[in-house]
Amino acid sequence: MATTHVDVNKTVNATDLRHRLKDCLKAARNNHVVLIENRRQSAKYPVDKDFLDALVKERDSILATLEILADGSLTERLLQLSKTIDKDVAAGRLLNTAEVFGE
């Protein structure tokens, strides 16, 4: 899993945002975000959609890993299987997806 780095490369207040919206949106690309500060509201970050989608996918895989680790018996079984997986593959003792699901 890749480590995600967020770079706040621009900070603007709400007035500047209204006047320079196009520039601020251009600055919010990839892992770069723009911090918008406002006296009356909490600060906000416009974020690149693809970057946010990637963060959500990463979060989902982390949660799935935590669910597996929370199940002690499943974790132990997977650890035991990991000790023999290379030998099992080489010996042809494992089935592929088509063999299991008939695809």
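The values are calculated or read from the model by the stated rules, or taken from the named source; none is laboratory data. Everything quoted here is computed from the prediction, not taken from an experiment. Because the Cβ atoms are built from the backbone with ideal geometry, glycine has one as well, and the counts that use them run over all protein chains shown. SASA here: full protein model, heavy atoms, side chains in, ligands and nucleic acids out. Shrake-Rupley method; radii C 1.70, N 1.55, O 1.52, S 1.80 Å.
Structure above, values below:
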| quantity | calculated |
| --- | --- |
| For residue 42: the one exception among (1) surrounded by 10 or more Cβ atoms within 10 Å (Cβ to Cβ); (2) at pLDDT 85 or above; (3) among the hydroxyl-bearing types (Ser, Thr, Tyr) | (1) |
| Candidates 79, 74, filtered to the one that is out of contact with any Cys (no Cβ under 9 Å at 6 or more places or on another chain) and surrounded by 10 or more Cβ atoms within 10 Å (Cβ to Cβ) | 74 |
| Region 26-39 - residue that is part of a loop (DSSP other than H, G, I, E, B) and over 14 Å from residue 15 (Cα atoms) and, of those, most open to solvent (accessible area, probe 1.4 Å) | 29 |
| Condition met for residue 99 (surrounded by 11 or more Cβ atoms within 10 Å (Cβ to Cβ), over 30 Å from residue 18 (Cα atoms), at pLDDT below 90 and among the acidic types (Asp, Glu)) | no |
| Sole residue being surrounded by 10 or more Cβ atoms within 10 Å (Cβ to Cβ), among the aliphatic types (A, V, I, L, M) and in contact (Cβ under 8 Å) with a residue 60 or more places away in the chain, chosen from 85, 62 | 62 |
